[in-house]
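The values are calculated or read from the model by the stated rules, or taken from the named source; none is laboratory data. Model, not experiment: these values are computed from the prediction. All Cβ positions, even for glycine, are placed from backbone atoms using ideal geometry, and neighbour counts span all protein chains on display. Areas reflect the complete protein model, heavy atoms only, side chains present, ligands, DNA and RNA absent. Shrake-Rupley method; radii C 1.70, N 1.55, O 1.52, S 1.80 Å.
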Amino acid sequence: MARSMSGLTGRALHITPSEVFFSGVESAPQSTVITVKNVNTRVRIIRVKAPQTHHVTLHGLNPTTRLAPGLEFSFEIRYDGQLEGGATFRDKITVRTETESIDIPITSVPAKPDIRIIGDLDFGIIPHESSKKKEIRLVNRGEKEGEFEIKLDEGLPLKIKPKSGTVGAVGSGHEEVVIQADLGGQEIGSVNGEATFRIDGQGDLQRVAVAGTVMKHSVQVINEHGAETQGVDFGSLFFGERAEQSLQISNNGPKEIRCVISFGNKFDMAETDEPQEEEKSVTSSEDSEQQAVDPFAGFIQTARMKAKARESGENPFTIFPLTATVEPFSSKSLKIRFTPSGHKPSKGFVSNMDAMGKHGKLYEYVGQVDFGLGGEKCRFPLKGRGVESGALIRPDFLQFGDVPTSGHAEQTIDLSNKKSDLPVKFSVPNMPPYFNCKPSQGLIPPGQSVVIIVGYCPKSFGRHQRSIPIEMHSLSGKLVRTLKLSVQGSALTLGPKRALIGGTDKLPEDFETEPMFVDDEQAISSLKMRRFNRPKLWEGKENSQLFEDIGDGTKDALGLDDHKMQLRHKDRYTEFIRKERRAKENLHLTRKESEDEVNLGMDPRSGLRSPQPKLPIKKEPLWTNPTEKSNEPKTMKPLSEDQAASVQFHKDRPDTDDEKRLCGMALSPSEITKLVMGPAIVDFGRVSASSNNTQYFFVQNTLMQPIHIVLDIKSIPEFRYTRHTSQIIPAGATSSPIF
């Protein structure tokens, strides 16, 4: 291979190249072109002297050349490639003018390998009982292939592959060899040694240092206090209330781990029996990773628990995220949420409620974090108890009787929290007119009760009946129960107005009225004694005086006798109309059936109304509803084999951080209804025994984000050969055919 150097410039000439170098020569001839240019302002006579060796010849050159200013001429120099004994030789070409002489050196060297080591064998930190791989490259930049051989120090736990071989010449396509190095970490401590490389064409041996530190790799699940978790206990919560605790997955090792989190009840999360010792085989770390458990086992288990929770109507625990990637020497937060789904009260009287501490439900689940390190797992119990508020009002109905206007009456109620082991806060959000409660809010400890004074202070005539809502809240502010207190009172008489209290010497206590407590007997007796009768027009003093002034009556006003007669006439007609209305309403009680062959003149049903059938009122769904089945995706028609072959294949797990974040988010019910899956029924028809039969199943993602789907079917022995069960489907794409 001929290699040219940069140009050589004299006082009158510029020669390109300034040196001729023939490398990698064996038997093939090589050549190059030399250009001579006159850079002077005068005409020059140029003579070229050929080299002395007969292996180098000049072609296209005149012995003497006259060259005008700015012009140039070229000639070719050829080398026949015949080296004497494979040695390197040197010669020169001399270019002369009237005033100067310029030498062009010629060098010829044989082909030889130029192998260089790129990379190092510093493995850094290695987890205990595992291995770490690294690559170094041997790159040949010479024109001849070369051989190499690698020797390791005795006792060094390093595996090299390949240990010897050939590196091709540059341009051959095999000028690079990748050396795979695998350092095992069987013993804790530092690993030091050397790898010796013997390479053709290089006299000295090249040594590459091997270094690494083996340390124990441990993973812990710690609680909020920094201690290793022994379980998560949420204690007692009211139904519908929510509580949250966090755990930390701490990676105390140099290797990145991918965790899969699952949870369920004790029966669903029961551990399978471990294999016997004689059945276990000693494998390398690579084989153990390949023989590890299904990486989507936790994902499938969580999906099963969610489906079971939808069927049973309760899902007390929620853990997110379900998958987590923990970097070396870092931690990842794990959120656990407990929400008791609720308790359906049984029919019956309030007095049939359970005693304190028993009106609830205990949830005992098991959480599991699979670290993916040879099947290493961490299991911890999840406990929580859902209770229902047992707050009661005694009594729940108050009758204040007859209270004069501007007067007041008070009664007491007992608001108890004796059937619950959690404290509650009570409040009266909306107070009806003329009624008040003192206190209107407060806290009731478990097993205790408070006395509330309910007052009635009418400002107008009439009968007043209201329902006072009393809300019971948990300490976190969750509404757990609403009680209703019915109150009734009447104001049939006009009472004296209370004098206003004023003055700078008055204290807040002076503005408070002294309570006037009444019981049920007093309230009922006041109603009997003070039956409301609208006063007659002439009973007032002012009106009686007016009737005396009118006398027997005038053309514009009636006298007292005429007015009484008109009132009696009106009362008779009112009573007649009421009597007819009552008789019409009670006609079915006194109606006699005609004598026939069926009833024989008897009173059927003892005067009661005959039962009438009531047909159920069906509520038609709105036409805008996409489907009557809630939280279920749409179905699609089966695709043909040609259509299935044209669908692009997708990866089986998320790679980027954005994909991990989006695929780890739970889909809402509205988002699930937007998915399209099909066919709804995978029908294989009649098949032969022990034969393979293929059908396709697809999932179309119509959302604006990628989703992760896993088909839980490999647990069935007949479908264990199903492929592509786990896929990451991009937004707007269709899944690979699951067959």
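Give me the residue from the stretch 480-499 that is assigned to a loop (DSSP other than H, G, I, E, B) and open to solvent by 50 Å² or more (accessible area, probe 1.4 Å) and, out of that set, farthest from residue 510 (Cα to Cα).
First pass over the stretch 480-499, keeping only residues assigned to a loop (DSSP other than H, G, I, E, B): 492-499.
Going one step further and asking which of them are open to solvent by 50 Å² or more (accessible area, probe 1.4 Å), we end up with 494, 496-499.
Values: 494: 25, 496: 19, 497: 17, 498: 13, 499: 12 Å.
Out of the qualifying residues, it is 494.
Considered as a group, the residues in the stretch 385-397 that are within 19 Å of residue 485 (Cα to Cα), within 49 Å of the chain's Cα centre (by Cα) and not hydroxyl-bearing (Ser, Thr, Tyr) include one that is surrounded by the most Cβ atoms within 10 Å (Cβ to Cβ), and that residue is 390. For the structure I just gave you, tell me whether residue 132 is in a loop (DSSP other than H, G, I, E, B) and under 30 Å from residue 181 (Cβ atoms). When the stated conditions are applied, residue 132 does not pass them. Residue pairs whose Cβ atoms lie under 6 Å apart, sitting 6 or more positions apart in sequence or on different chains, and linking a residue in the stretch 51-73 that is closer than 15 Å to residue 105 by Cα and touching a residue at least 12 places away in the same chain (Cβ under 8 Å) to a partner that is assigned to a loop (DSSP other than H, G, I, E, B) and open to solvent by 70 Å² or more (accessible area, probe 1.4 Å), are 55/82. Once the stretch 53-70 is narrowed to residues that are surrounded by 13 or more Cβ atoms within 10 Å (Cβ to Cβ) and part of a loop (DSSP other than H, G, I, E, B), the residue that is modelled with the highest pLDDT is 69.
Checking the structure you have, find out if any residue of the stretch 415-427 is on the phi > 0 side of the Ramachandran plot and either of a type in the set (Val, Ile, Thr) or open to solvent by less than 60 Å² (accessible area, probe 1.4 Å) (or both). No; the residues of the stretch 415-427 include none that is on the phi > 0 side of the Ramachandran plot and either of a type in the set (Val, Ile, Thr) or open to solvent by less than 60 Å² (accessible area, probe 1.4 Å) (or both).
From 447, 442, grab the single residue that is over 14 Å from residue 482 (Cα atoms) and in contact (Cβ under 8 Å) with a residue 40 or more places away in the chain.
On the way: 442 fails: in contact (Cβ under 8 Å) with a residue 40 or more places away in the chain.
Answer to the selection: 447.
Taken over the stretch 155-177, the criterion of being surrounded by fewer than 18 Cβ atoms within 10 Å (Cβ to Cβ) and closer than 21 Å to residue 112 by Cα is satisfied by 164, 165, 166, 168, 171, 172, 173, 174, 176, 177. As a summary of the residue check, residue 212 satisfies the conditions (1) over 17 Å from residue 329 (Cα atoms); (2) modelled with pLDDT under 85; (3) not β-branched (Val, Ile, Thr) except for the one numbered (2).
Here the stretch 188-244 is the region considered, the condition is being hydroxyl-bearing (Ser, Thr, Tyr) and within 30 Å of residue 177 (Cα to Cα), and the residue that is most open to solvent (accessible area, probe 1.4 Å) is 190. Evaluation of residue 516 against the conditions (1) without any contact (Cβ under 8 Å) to a residue 60 or more places away in the chain; (2) under 14 Å from residue 403 (Cβ atoms) shows that the sole unmet condition is (1).
Just to be sure, is residue 401 touching a Leu at 6+ places or on another chain (Cβ under 7 Å) and at pLDDT below 90? Steps first, please.
Working: touching a Leu at 6+ places or on another chain (Cβ under 7 Å): yes; at pLDDT below 90: yes.
Considered against the rule, which asks whether it is touching a Leu at 6+ places or on another chain (Cβ under 7 Å) and at pLDDT below 90, residue 401 comes out as yes.
For the criterion of being farther than 30 Å from residue 496 by Cβ, open to solvent by less than 20 Å² (accessible area, probe 1.4 Å) and either of a type in the set (Lys, Arg) or not in a loop (DSSP other than H, G, I, E, B) (or both), residue 400 fails.
Out of 477, 503, which single residue is in a loop (DSSP other than H, G, I, E, B), exposed (fewer than 12 other Cβ atoms within 10 Å of the Cβ) and touching a helix residue (DSSP H, G or I) at 6+ places or on another chain (Cβ under 9 Å)? Walk me through it before giving the result.
Details: 477 fails: touching a helix residue (DSSP H, G or I) at 6+ places or on another chain (Cβ under 9 Å).
Within the list 477, 503, the selection yields 503.
Counted as qualifying within the stretch 559-667 are the helices (runs of 4 or more DSSP H) with 3 or more residues that are at pLDDT 80 or above, surrounded by 10 or more Cβ atoms within 10 Å (Cβ to Cβ) and out of contact with any strand residue (DSSP E or B) (no Cβ under 9 Å at 6 or more places or on another chain), namely 560-585.
In the stretch 700-710, which residue that is in a strand (DSSP E or B) and touching a residue at least 40 places away in the same chain (Cβ under 8 Å) is most open to solvent (accessible area, probe 1.4 Å)? Among those that are in a strand (DSSP E or B) and touching a residue at least 40 places away in the same chain (Cβ under 8 Å), it is 700.
Between 143, 129, the distinction of being touching a residue at least 12 places away in the same chain (Cβ under 8 Å), under 18 Å from residue 255 (Cα atoms) and open to solvent by 60 Å² or more (accessible area, probe 1.4 Å) belongs to 129 only.
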